[in-house]
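All remarks here apply to the structure that follows.
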Amino acid sequence: MILSGKEIARRIGKDIIIEPFNPEQLNPNSYNLRLHDELLVYSDPVLDMKKPNAYERIRIPEEGLVLEPNKLYLGRTMEYTATEGLVPMLEGRSSVGRLGLFVHVTAGFGDVGFAGYWTLEIFCVQPIRIYAGVEICQIYYHTIEGDYERYRSGKYQNNRDVQPSLLYKDFEKKK
C-alpha cells in the first residue's frame, strides 16, 4: 500500500521525518522534494567501478544553470528524510519529466530505515536551465509486510552531502 498525503502528514515526526517539512509541498499521495544548490560532475571521461572517480562541484547560481545533454549530474535534495518501518520511493515530477529532465536514472528505491539526503542522478535529453530550490521530485512511502532487516549500509546512510558512487567499496569487500 502507498500512504496518502494525509497519512504522510499524520506520521511526520513519528515514523516519517522530512526536515524541513512544508505542508504546501504535500500531494495526495507524495511529498515534493527540492533541489539543493550544489551538483557533482565526474571529471574523467571514463568512469571505473572499482575505484573512486574524480569529480568537480558546481553551484547553481540564482539565474540558474544550463545542463548539457548526455552528461550525468549528481544533485541532492534540500530535505533530509528518514523512515522507520516504511519503504521510501523517489520519482521525478511529471512537470519536470515533460521537459526531458530525469532526476533519478536508476535509483528511486529506498531501503527500510534509510536516513539522509537523496542523491539525484540528473540527466537531460536537451539543454535545460535548472534552479536551486525547485520542487524536482517526489517521495512516497510503501508499507512493508513481514520481518525485515533495517538498512545499515555504511555507504550512504546518514549522508549530509551529494554522494558520488561508492560502488568501489563492494569490490574492496570481496578481497
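Here are a few candidate values for P(r) over Cα pairs in 10 Å bins from 0, in percent: [x] 9, 37, 34, 17, 2; [y] 10, 34, 31, 17, 8, 1; [z] 8, 21, 23, 17, 9, 6, 6, 5, 3, 1, 0. Which one was actually calculated from the structure I just gave you?
Read-out taken from this structure: [x].
How big is the accessible area of residue 150 in square angstrom, nearest 10, if you roll a 1.4 angstrom probe over the protein chains?
100 Å²
Carbon and sulfur together cover what percent of the accessible area of the range 47-175 at a 1.4 Å probe radius?
51 percent
Roughly how far apart, in whole Å, are the Cα centres of the range 106-137 and the range 1-56?
If you average the Cα positions of each part, the centres end up 6 Å apart.
³J(HN,Hα) across the range 16-25 via Karplus (A = 6.51, B = -1.76, C = 1.60, θ = phi - 60°), whole Hz, x for Gly/Pro?
Per-residue couplings from phi come out as 10, 10, 9, 10, x, 9, 10, x, 5, 8 Hz.
Using 7 Å Cα-to-Cβ label points, what is the residue 38/residue 99 separation (nm, one decimal)?
For residue 38 paired with residue 99, the spin-label model returns 2.3 nm.
Could you sort 49, 1, 78 by their accessible area in this structure, using a 1.4 Å probe and putting the largest first? Can you show the working numbers first?
Working: 49 125, 1 170, 78 65 Å².
Reading off the accessible areas and sorting them downward yields 1, 49, 78.
Keeping all protein chains in place, calculate the accessible area per residue for the chain (probe 1.4 angstrom), answer in Å². It would help to have the intermediate numbers written out before the result.
Working: 9900 Å² over 175 residues.
Accessible surface, normalised per residue, equals 57 Å².
Which value, in Å² rounded to 10, gives the accessible area of residue 109 with a 1.4 Å probe and all protein chains present?
It works out to around 140 Å².
Excluding residue 15 itself, calculate the net charge of residues whose Cβ lies under 11 Å from the Cβ of residue 15, where each Lys or Arg counts +1 and each Asp or Glu counts -1.
On the way: positive: 10, 11, 14; negative: 7, 84.
Its environment carries a net charge of +1.
Tell me which residues come under 5 Å, amide H to amide H, from residue 78 once H is placed; ignore anything under 5 positions away on its chain.
34, 35, 36
GluC sites (Glu not before Pro) within the range 105-173: which are DSSP loop residues with at most 13 other Cβ atoms inside 10 Å?
Taking the range 105-173 and a limit of 13 other Cβ atoms within 10 Å, the loop GluC sites (Glu not before Pro) found are 145, 149.
To check you understand DSSP bridge types, tell me what percent of the beta bridges within the chain (both residues inside) are antiparallel, rounded to 5.
95 percent
Which number gives the lysine pairs in the chain that have C-alpha atoms under 23 Å apart and are eight or more places apart or on different chains?
The result is 17.
The values are calculated or read from the model by the stated rules, or taken from the named source; none is laboratory data. Just so we're clear, the structure is a prediction, and the values are computed from it rather than from any experiment. Cβ coordinates were reconstructed from backbone atoms using ideal geometry, including for glycine residues, and neighbour counts include every protein chain displayed. The accessibility values were calculated without ligands, DNA or RNA, using every heavy atom of the protein model including side chains. Shrake-Rupley method; radii C 1.70, N 1.55, O 1.52, S 1.80 Å.
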